[in-house]
Number of protein chains: 2
Amino acid sequence: MCSRTTPRSTRTGRPRSTEADEAILEATRAALVELGWSKLTMGDVATRAGVAKTTLYRRWANKNELVVDAVAVLFDELELPDLGSLQADISHVVLQFAALLERPETKTALMAVVAESTRDAPLRERIRASIVERQKRLVLDGRRRAQERGELPADRDPAVVDATDDLIFDVVAGAVVHRALVSAEPVDAAWVNRLSSLLVGGLGAVVALG
Amino acid sequence: MCSRTTPRSTRTGRPRSTEADEAILEATRAALVELGWSKLTMGDVATRAGVAKTTLYRRWANKNELVVDAVAVLFDELELPDLGSLQADISHVVLQFAALLERPETKTALMAVVAESTRDAPLRERIRASIVERQKRLVLDGRRRAQERGELPADRDPAVVDATDDLIFDVVAGAVVHRALVSAEPVDAAWVNRLSSLLVGGLGAVVALG
DNA sequence: GCCTTTCGCTACGGGTCGTAGCGTAATGGC
DNA sequence: GCCATTACGCTACGACCCGTAGCGAAAGGC
């Protein structure tokens with residue numbers, strides 16, 4: 001959560017309050033819901049959390065890192081139960097991800113921190129480690145299961161496998177984000193059906209749906 | 001560009017300086033390159049453009065709307081020449097879009113204004129009209145050509161056609177944005193080949209590439 | 001020439017940032 | 001139990017940016 005250069009055990013003095021940690025993150029999520037990203041201020045978060053502003057700055061260097069940590073835990077909810085087919089698995093995880101994006105705290109925060117990360121390498125790494133990786137393992141699981149079912153050909157070149165996982169991840173996550181935030185249209189069952197059909201069968205399959 | 005309630009021709013008094021308009025937009029792009037979204041200030045843009053800060057506020061209500069207009073014109077560069085096949089058309093437009101996203105002024109600005117638009121309906125409409133629509137017509141052209149070539153089935157239900165165009169747009173644009181900004185990996189020819197294969201032939205076709 | 005609008009300029013109140021300094025509170029080491 | 005060390009709440013601060021108001025001058029339409 002907060003960066004430490006020395007291990008926790010070898011330190012002396014008064015320890016950091018874990019209650020304050022959680023209160024700050026919770027206050028940050030509440031402030032995101034009420035105010036959105038741009039109107040959220042460090043002073044307001046501190047007041048909501050019942051701590052001093054200096055306590056925030058001892059833990060997080062700026063608003064970006066604080067918000068990443070506050071939102072990251074929400075991605076722990078994502079899971080991928082085995083629903084018996086590749087298309088069903090895709091639909092399920094897409095709907096889960098869309099529901100997460102619909103929450104006001106993630107909706108306003110995710111794009112903002114990604115935008116900031118284009119000019120802030122440490123922030124980019126923080127996002128990758130605490131958010132992107134949590135989503136990516138779902139792709140790995142889904143592909144592996146589909147191959148075990150025989151829905152996809154078995155692996156040949158490991159490098160190609162990695163590249164394909166990356167591709168699927170960017171396509172699925174990117175499509176959902178773009179639909180929800182840029183097009184601002186609902187990610188409903190009908191849309192998810194078209195998306196999973198496209199992924200499994202290609203454009204011809206989707207156009208033929210009509 | 002700037003909202004007017006009354007038509008331009010029926011107005012009296014000193015007209016707005018079009019030189020100032022262009023100088024401000026150009027200064028905004030330059031400031032985006034140097035400073036990025038979060039450190040760009042209205043006062044700095046005014047100084048760069050050689051105009052007074054009040055002149056900016058007569059034209060744009062806030063930073064968001066200014067930046068949308070400053071970046072929107074860059075999307076005019078996108079075009080879709082007929083390259084003879086659906087896959088080639090897709091690859092070409094994806095590479096164009098990726099090159100646009102690589103420019104520092106768009107990279108830092110696009111995600112930021114989309115993030116703001118989640119809590120600002122007028123801004124969302126402005127983005128839709130001046131950026132999203134310019135990209136979307138490329139999808140319409142590409143699908144129409146593919147159908148004329150016989151690469152895709154002919155239309156049946158017009159509603160399905162619209163839905164499919166929307167889907168393709170979100171998938172392609174979303175995938176490129178996610179790859180470039182979230183995964184922060186290059187959108188190179190190899191990746192584009194995998195993406196277009198996925199779109200045309202589905203997951204089976206991509207995995208079989210290896 | 002008169003009216004209208006924009007222009008550059010200056011100044012301002014209000015808000016946020018991030019830090020410094022202080023006295024106090026809570027640990028671990030001895 | 002005492003001490004060194006660290007975290008805490010609080011206050012205050014300079015720096016910065018915001019968005020607006022008011023002014024006289026400039027540039028058009030009629």
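The values are calculated or read from the model by the stated rules, or taken from the named source; none is laboratory data. Model, not experiment: these values are computed from the prediction. Here the Cβ is made from the backbone with ideal geometry for all residues, glycine too, and neighbour counts use every protein chain on show.
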Which condition does A:A61 not pass, out of (1) part of a helix (DSSP H, G or I); (2) more than 9 Å from chain B (Cβ to nearest Cβ), if it passes all the others? (1)
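Just give me the residues in segment B:150-179 being small (G, A, S) and more than 7 Å from chain A (Cβ to nearest Cβ), in sequence order.
Going through segment B:150-179, the residues small (G, A, S) turn out to be B:150, B:154, B:159, B:163, B:173-175.
If the condition is that a residue be small (G, A, S) and more than 7 Å from chain A (Cβ to nearest Cβ), then B:G150, B:A154, B:A159 are the ones that fit.
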Looking only at residues that are in a helix (DSSP H, G or I) and facing chain A (nearest Cβ under 7 Å) in segment B:107-125, which one is surrounded by the fewest Cβ atoms within 10 Å (Cβ to Cβ)? B:R124
Answer residue from segment A:10-33, given it is more than 6 Å from DNA strand D (Cβ to nearest atom) and hydroxyl-bearing (S, T, Y) and is nearest to the other protein chains (Cβ to nearest Cβ) among those: A:T28
Consider only pairs whose beta carbons are under 8 Å apart and that are at least six residues apart or on different chains; among these, list those whose first residue lies in segment A:55-69 and is more than 14 Å from DNA strand D (Cβ to nearest atom) and whose second residue is at pLDDT below 95 and among the basic types (K, R). none
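Check B:G36, B:G50 and return the single one that is at pLDDT 95 or above, within 14 Å of another protein chain (Cβ to nearest Cβ) and within 14 Å of DNA strand C (Cβ to nearest atom).
Values: B:G50 fails: within 14 Å of another protein chain (Cβ to nearest Cβ).
The conditions single out B:G36.
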So which residues in segment B:180-210 are facing chain A (nearest Cβ under 7 Å), in contact (Cβ under 8 Å) with a residue 40 or more places away in the chain and not β-branched (V, I, T)? B:L181, B:L195, B:L199
Would you please name the residue that is surrounded by the fewest Cβ atoms within 10 Å (Cβ to Cβ), looking only at residues in segment B:26-50 that are hydroxyl-bearing (S, T, Y) and not in a loop (DSSP other than H, G, I, E, B)? B:T47
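Touching a Leu at 6+ places or on another chain (Cβ under 9 Å), within 20 Å of A:W37 (Cβ to Cβ) and of a type outside the set (A, V, I, L, M) - does that describe any residue in segment B:74-87?
From segment B:74-87, those touching a Leu at 6+ places or on another chain (Cβ under 9 Å) are B:74-75, B:77-80, B:86-87; that's our starting set.
Pick out the ones that are also within 20 Å of A:W37 (Cβ to Cβ) and you get none.
No, that holds for no residue.
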Output for segment A:140-164, where each listed residue is surrounded by fewer than 17 Cβ atoms within 10 Å (Cβ to Cβ), on the phi < 0 side of the Ramachandran plot and not hydrophobic (A, V, I, L, M, F, W, C): A:D141, A:R144, A:Q147, A:E148, A:R149, A:P153, A:D155, A:R156, A:D157, A:P158, A:D162
Is there any pair with a first residue in segment B:161-177 that is assigned by TED's automatic domain parsing to the domain that holds B:V114 and a second that is of a type in the set (D, E) whose Cβ atoms are under 8 Å apart and which are 6 or more apart or on different chains, and what are they? B:V161/B:D155; B:D166/A:E185; B:A175/A:D170
